[in-house]
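I have placed the structure first, in the form of structure tokens, so that the comments after it can refer back to it.
Derivation of every value follows stated rules applied to the coordinates shown; laboratory data play no part. The structure presented is a predicted model; accordingly, all values stated were derived computationally and were not measured. All Cβ positions, glycine included, derive from the backbone under ideal geometry; neighbour counts span all protein chains shown.
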Amino acid sequence: MSGTILENLSNKKLSIVLSIILVIQLISFFIGAFIAPAPSSTEQILAIKCLAQNPNELSIPRDAVTPNQVQPKNCLKIDEDSSTQSGITFAYQLPLPREGFQLDYSRWQQNLLTILIPEVLYDSRMERHSKIDVDEHINSTVQMRIRLAVRNIGDKDWKLYAQKDSLKRTISCQIDANKRIHGYKYDCDLIQLFELQSLYYDYYLINLQFVSNDSVNFGFMSDLLLVEIHQNGGFTKIWLLMKTLFTLITLLTLMWFTKRLQQLHRETTLLEKTLIVLGCAITQLNIPLEFLSLWFDIEFMSFLCDLRQGIFHCALLSFWIIFIGEHLLDGIHRSRLSSYYKQLSVVLIAYIALFIFDLSERGIQWFDPFFTIWEVDSRFALIFIITASIASIGYFMFLCFHIWLAFRNISSKQSSLPSMSSTRRLLYQGIIYRFKFLLLATLICAASTVVAYIMGQVTEDQWHWEDSTDSFIAPLQWTSAMFTTVYALWNCYVITLLILYAPSHKELGTNVDSMSEEIEFNRLTEHDENNEKTENLNATGGDTSPASDMRLLQQLATKSSID
């Protein structure tokens, strides 16, 4: 029976492995911080208010662009500061031209999110119709008719992509009491308009009309600002390059690991099966399916990416439970999946809930890009995200507690090392140090995963977070650095586990009893007591059976010299 590479790996080679991991982490951090751009970019577009000669046709602010003028189509521009007039269309043509050059979107930019910011001015004439105490609050539901059209370079006409005749959104604004002066602006919340999970076309046109705003009696809307957020193409290229490289590495490592297991004449252990599942999970996450969006309009790409990442997270959290449980050294023999059904059930239920939440958001957006759960019930969405963040922190604390138990039990076993023979003592000392290294790596990976998850769920102030600050090297992109570093950490962690827990290429013989299979320090307590008793009997002239620990010690001496 052969042992694992973890048992036979020398401290020198373990240091080399650790150095390689640190180099990969540093490279991934520098790529994200200094080479890759920010994951996303924003652009603010002020609406062009049009009076459409033909309400059934699209209002196009920039239908034909010449060096001297811009010719609109079905758009008679107006300057009145009111949105209550019937027939007014708020038109947006994306992207905006820059320095006289018409830009276009790239399919590398992957997705598009649009947000409305209403600019509402206070109307003192409405003051007599309401009783105002300190602040003036607005919480009004409006109905809009929206049409989204698309066009590629070379196309003559715009193609209607999606439309909704009765889109409901809530305008929530407030103004301080000392600013209730005619013409002063309200402070309004953002309103999500739509989200496209695939940025397949070069140009986008939005026509928006207020169908019914009788309840908007708080003042008048001077302008309607649109903020579009898209993924940066430069970040996508670097991200897909990393995914392609890690796909090859993890796939080859997983194939090598399974081939080693097939060469053994025994059943695969629970830990080894879990490692195979974890290797498959990280490999499916690494496969760069986003390349398909360069040729096809995959309208569910963001939902698919969330699903793949959820599968990996579920496998990773389940592996940590089994990995720590198999090495607690508390005298309880688990080694079966049923021993962890309570913990694994909690993880499974949590990720089913996350899947339902994502399905109710991006799953519906696959068919209706204007849908958002924040408009249906924003409190439910916020409570769900807060609960998920608290649950992730709770899981991390649970994992920290069990890692502490494993450290404590390992430390208690170290007190028995001086009474062992030198061969066994050196062997177990090496295993203890290596296993502590894996525990620390698990703790770091878990902490990074929790931080990355919470930062991904909580809405960030992107204008502040991605502000370029003067540096003697280059502006730091902290969000990109977090993504690339954590992603590389996941891959390095899984690859290291697959290598260290793979069976060693050295054979110890065919007559080793089942106790040698436990040399991975997961059942040290009982075996050490029996082994030390056997050694004392042999020292006094006791009989030695073919399966005695004296033979095991000799084989351990052979193993300790490997590598």
Can you list the residues, at least 5 places off or on another chain, whose amide H is less than 5 Å from the amide H of LEU193, using H built in the peptide plane? THR114, ILE115, LEU116
How many nm is it between the label spots at HIS265 and ASP63, if each spot is 7 Å from the Cα in line with the beta carbon? 8.4 nm
Here are some pairs, LYS273/LYS342; LYS49/LYS164; LYS73/LYS159; LYS73/LYS156; LYS13/LYS436; LYS77/LYS168; which of them have Cα atoms lying more than 22 Å apart in this structure? LYS77/LYS168
Calculated FRET value between THR387 and LYS77, using beta carbons and R₀ = 45 Å, to 0.05: 0.40
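By how many nm would the segment from ASN54 to ILE20 lengthen if fully extended, with 0.36 nm per residue of separation less the alpha-carbon distance?
In short, 5.6 nm is gained.
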How many nm is it between the label spots at ARG308 and ASP189, if each spot is 7 Å from the Cα in line with the beta carbon? 3.4 nm
Between ILE444 and LYS13, what is 0.36 nm times their sequence separation minus the Cα-Cα distance? Round to one decimal in nm. 153.0 nm
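How do GLU228, GLU43 rank when sorted from fewest to most other Cβ atoms within 10 Å of their own Cβ?
By the 10 Å Cβ count, ascending: GLU43, GLU228.
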Here the gain from full extension of SER335 to VAL70, 0.36 nm per residue of separation minus their alpha-carbon distance, amounts to 88.1 nm
